[in-house]
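Peer 1: Dumping the structure here so I can ask a few things about it.
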Amino acid sequence: MAFGSFDLKSMSNNERYPAAGTVGGRRVSLRLMDSGDGDAMLAFARGLPEHDLLFLRRDITQPDQVETWVQRIEAGVTTSLLLLDEDGTIAGYATVDRNDLPWSQHVAELRVLVGPTLRGRGVGRLLTEEAFRIALGMGVDKVIGQMTVDQHQAIAVFRSLGFQPEALLRDHVKDRDGNKHDLVILSHDIAAGQRTMAAVGVLDAVSGD
């Protein structure tokens with residue numbers, strides 16, 4: 001896949017990353033998160049606006065929660081892709097988290113977060129497309145995304161990849177000031193979506209990875 005001047009070959013994750021290029025006029029790189037990224041992730045999370053942390057499954061400003069995240073990566077149920085800025089600091093990430101409950105292991109959740117310094121440059125779309133590709137390689141049947149309803153740009157990116165609104169949960173998220181926010185859940189049926197993604201050039205062939 002080519003994204004601006006960011007060229008990514010159709011390879012397995014271990015061969016595809018790390019990769020570097022320019023997106024929105026900014027030099028960035030992608031690589032898979034590993035056990036040595038805990039402190040850097042904490043620094044990134046603690047620099048985020050409060051609203052960015054609302055819909056996350058865990059409070060990644062806390063060391064124990066980041067450690068749990070790393071453990072899930074090491075266990076193979078979670079794959080996380082880091083977006084690095086020109087200076088090598090984390091500027092965003094995408095995570096595909098496979099549900100480990102026996103009755104929903106066919107479902108994965110896709111989460112994308114870009115820090116303020118790189119927003120508006122198209123890197124959110126890059127991360128979302130790459131994470132969706134990773135989800136396809138996991139062999140899951142369904143991928144979901146959750147976000148507050150005011151995250152219009154993120155919702156638009158997910159919709160462009162074939163995600164459809166599945167549920168709206170009123171007042172489901174409460175911030176630290178006690179304000180409530182609606183949460184929207186979008187989902188993608190993989191079997192139907194593969195044909196669409198191939199048609200628009202987003203889906204790489206994963207069978208040969």
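The values are calculated or read from the model by the stated rules, or taken from the named source; none is laboratory data. Predicted model only: the values in this text are computed from it and were never measured. We place every Cβ from the backbone using ideal geometry, glycine too, and count neighbours over all the protein chains shown. To get the accessible areas, we keep the full protein, side chains included, count just its heavy atoms, and leave off ligands, DNA and RNA. Shrake-Rupley method; radii C 1.70, N 1.55, O 1.52, S 1.80 Å.
Peer 1: Which of the residues belonging to region 140-150 are more than 10 Å from the chain's Cα centre (by Cα) and closer than 22 Å to Leu30 by Cβ?
Peer 2: Val140, Val143, Met147
Peer 1: Here's another thing I want to ask about it. Restricting region 38-70 to residues that are touching a Leu at 6+ places or on another chain (Cβ under 8 Å) and among the β-branched types (Val, Ile, Thr), which is nearest to Arg111 (Cα to Cα)?
Peer 2: Ile60
Condition check ((1) among the charged types (D, E, K, R); (2) open to solvent by 10 Å² or more (accessible area, probe 1.4 Å)) across all residues:
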site: Phe132; (1), (2): no, no
site: Lys142; (1), (2): yes, yes
site: Val157; (1), (2): no, yes
site: Gln164; (1), (2): no, yes
site: Gly178; (1), (2): no, yes
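Peer 1: Oh, and also: Touching a residue at least 60 places away in the same chain (Cβ under 8 Å) and part of a helix (DSSP H, G or I), is that true of Leu136?
Peer 2: yes
Peer 1: How many residues are closer than 18 Å to Arg26 by Cβ and either in a helix (DSSP H, G or I) or of a type in the set (Phe, Trp, Tyr) (or both) if we restrict to region 110-133?
Peer 2: Going through region 110-133 one residue at a time, the tally reaches 11.
Peer 1: Which pairs do you get when a residue that is more than 29 Å from Asp177 (Cα to Cα), found in region 51-76, comes within reach of a residue that is open to solvent by 30 Å² or more (accessible area, probe 1.4 Å) and of a type in the set (D, E, K, R), reach meaning Cβ atoms under 6 angstrom, with the pair 6+ apart or on two chains?
Peer 2: none
Peer 1: Another question, then. I'd like the residue in region 30-47 that is within 19 Å of Thr128 (Cα to Cα) and of a type outside the set (D, E, K, R) and, out of all such residues, is most open to solvent (accessible area, probe 1.4 Å).
Peer 2: Leu32
Peer 1: Taking region 68-87, which residues are open to solvent by 70 Å² or more (accessible area, probe 1.4 Å), closer than 22 Å to Ala135 by Cα and not aliphatic (A, V, I, L, M)?
Peer 2: Gln71, Glu74
Peer 1: Given the criteria open to solvent by less than 20 Å² (accessible area, probe 1.4 Å) and outside any strand (DSSP E or B), does Trp103 qualify?
Peer 2: So Trp103 does not fit the description; no.
Peer 1: Okay, next question. Spot the failing condition for Thr196; the list is (1) in a helix (DSSP H, G or I); (2) at pLDDT 90 or above, and only one is missed.
Peer 2: Every condition holds for Thr196 apart from (2).
Peer 1: A follow-up question, please. In this structure, is Arg16 buried (at least 17 other Cβ atoms within 10 Å of the Cβ) and free of Cβ contacts under 8 Å to residues at least 12 places away in the same chain?
Peer 2: Answer is yes for this residue.
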